[in-house]
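Here is the structure we will look at.
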Amino acid sequence: ENFTVNFTITNLHYSTNLRNPHSAKFSATRRVLTAMLDRLFKKTSIHSVYTGCKTMAFRPAQKMEGTGVDAMCTYKTASAASQFDRVIIYHEVSNKTNGITNLGIYSLDQESLYING
């Protein structure tokens, strides 16, 4: 199963290089974010069924000079595992990111996190 994660990084200024999936900037940023998202979701209640996230796109932030991130994440459905509940996952991610303020080296727009399952 898939779920989407969207958020805004406030200390990563958007540039056209982030629009091009073949650019070095896109690839490097995607690689760093993938590792951070993997660490993050492996600390949530879906850790046993989480299989990974892939950054699909970077976009200019709507409210500031940051960069919006759109990621597609996956998990295995298993009857014995806890079911995906986007509200619970949202709260767990909020707690693990200091109230949606930072993800590793990145500062986040506190009001930008969206998880859809």
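Given 21, 4, 107, which one lies farthest toward the positive end of the charge dipole of the chain, if we put +1 on the Cβ of every Lys and Arg and -1 on the Cβ of every Asp and Glu?
21
Using a simple charge model, +1 on the beta-carbon of Lys and Arg, -1 on the beta-carbon of Asp and Glu, nothing else, what dipole does the chain show about its Cα centre, in debye to the nearest 20?
360 debye
Tell me which residues come under 5 Å, amide H to amide H, from residue 57 once H is placed; ignore anything under 5 positions away on its chain.
When sequence neighbours closer than 5 places are left aside, the close amide H contacts are 70.
Give the ranking of 85, 38 by solvent-accessible surface, highest area first, calculated with a 1.4 Å probe.
85, 38
Rounded to a whole number of µm²/s, how large is the Stokes-Einstein D of the stretch 35-85 at 20 °C and 1.002 mPa s, given Rh as the Kirkwood radius over C-alpha pairs?
Reported coefficient: 172 µm²/s.
Quote to one decimal, in nm, the extra length available between residue 56 and residue 42 on full extension: 0.36 nm per residue of separation minus the C-alpha distance between them.
Stretched fully, the residue 56-residue 42 segment lengthens by 3.1 nm.
May I ask for the angle, rounded to the nearest 10°, between helix 24-41 and the longest principal axis of the chain, with both axes built from Cα atoms and the value confined to 0 to 90°?
Helix 24-41 sits roughly 30 degrees off the main axis of the chain.
Could you tell me the number of lysine pairs in the chain with C-alpha atoms less than 25 Å from each other, where the two lysines are 8 or more residues apart or belong to different chains?
Count of close lysine pairs: 13.
With every protein chain left in place, what is the accessible area of residue 39 in Å² (1.4 Å probe, nearest 10)?
Looks like 140 Å² after rounding.
Each residue of the stretch 95-110 in order: what ³J(HN,Hα) in whole Hz does its phi give by Karplus 6.51 cos²θ - 1.76 cosθ + 1.60, θ = phi - 60°, with x for Gly and Pro?
Per residue, the Karplus-derived 3J(HN,Hα) values read 5, 7, 10, 6, x, 6, 10, 8, 9, x, 7, 9, 8, 10, 6, 4 Hz.
Can you compute the modelled spin-label distance between residue 72 and residue 16, with each label point 7 Å from Cα toward Cβ, in nm?
Those two pseudo-labels are separated by 2.7 nm.
Which cross-chain or sequence-distant (5 or more) residues have an amide H under 5 Å from the amide H of residue 52, H modelled 1.01 Å from N in plane?
74
Under a plain spin-label model, where a point goes 7 Å from the Cα along Cα-to-Cβ, how far apart in nm are residue 28 and residue 111?
In this crude spin-label approximation the distance works out to 3.2 nm.
Out of residues 5 or more away from residue 107 or on other chains, whose amide H comes under 5 Å of its own, with H placed 1.01 Å from N in the peptide plane?
HN-HN under 5 Å from residue 107: 10, 11.
[x] 21, 17, 13; [y] 24, 16, 11; [z] 28, 15, 13: which one is semi-axes √(5λ) of the Cα gyration tensor in Å as calculated from this entry?
[y]
Counting only C-alpha contacts under 8 Å and six or more residues apart, can you give the relative contact order of the stretch 4-117 as a whole percent?
Dividing the mean separation by the residue count of the stretch 4-117 yields 38 percent.
The values are calculated or read from the model by the stated rules, or taken from the named source; none is laboratory data. A quick note: this is a predicted structure, and the numbers were derived from the prediction, not measured. Cβ sites come from the backbone with ideal geometry, for glycine too, and all protein chains shown count toward neighbours. Note: areas computed on protein heavy atoms with side chains; ligands, DNA, RNA excluded. Shrake-Rupley method; radii C 1.70, N 1.55, O 1.52, S 1.80 Å.
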